[in-house]
Amino acid sequence: MKPIFKACGHAMITAVINAFLAVALMLMVEFAISGTFQVAEPYLWAGFLIWIVIFGGQFLRQRHLCRCAEQNGDTQEG
């Protein structure tokens, strides 16, 4: 069960950072185009969708990596 929690933690961190950066980029482009900082609802939904997609992919990837490391007997922390 521990590899699943470790994979979930790594995936959560990666997804939050990427979603935040994507929303920030969308807001900067909006500001460059319109000249105002308006957080529109579609931007928040897009950020949430980006978070879901990245979390799903990273969770599967990290779970696979943790299982492989566990099978090989690697004890690397990080």
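In region 1-21, what residues are in contact (Cβ under 8 Å) with a residue 12 or more places away in the chain and under 10 Å from the mean Cα position of the chain (by Cα)? Once the filter is applied, which keeps residues that are in contact (Cβ under 8 Å) with a residue 12 or more places away in the chain and under 10 Å from the mean Cα position of the chain (by Cα), region 1-21 yields H10, A11, M12, T14, A15, V16, N18, A19, F20. Cβ-Cβ contacts under 7 Å between residues 6 or more apart (or on different chains), taken from a first residue in region 49-77 that is farther than 21 Å from F20 by Cα and part of a helix (DSSP H, G or I) to a second residue that is small (G, A, S) and modelled with pLDDT under 80, are listed as R63/A7; C66/A7. Check region 6-13 and report whether any residue there is more than 24 Å from Q71 (Cα to Cα) and either in a helix (DSSP H, G or I) or modelled with pLDDT under 85 (or both). Checked region 6-13: at least one residue is more than 24 Å from Q71 (Cα to Cα) and either in a helix (DSSP H, G or I) or modelled with pLDDT under 85 (or both). Residue count for region 14-41, restricted to those that are assigned to a helix (DSSP H, G or I) and either surrounded by fewer than 15 Cβ atoms within 10 Å (Cβ to Cβ) or among the β-branched types (V, I, T) (or both): 15. For region 42-49, the criterion of a residue being surrounded by 16 or more Cβ atoms within 10 Å (Cβ to Cβ) and of a type in the set (A, V, I, L, M, F, W, C) is satisfied by no position.
The values are calculated or read from the model by the stated rules, or taken from the named source; none is laboratory data. Here the structure is a predicted model, which means the values were calculated and not measured. Reconstructed Cβ throughout: ideal geometry from the backbone, glycine too, with neighbour counts over all protein chains shown.
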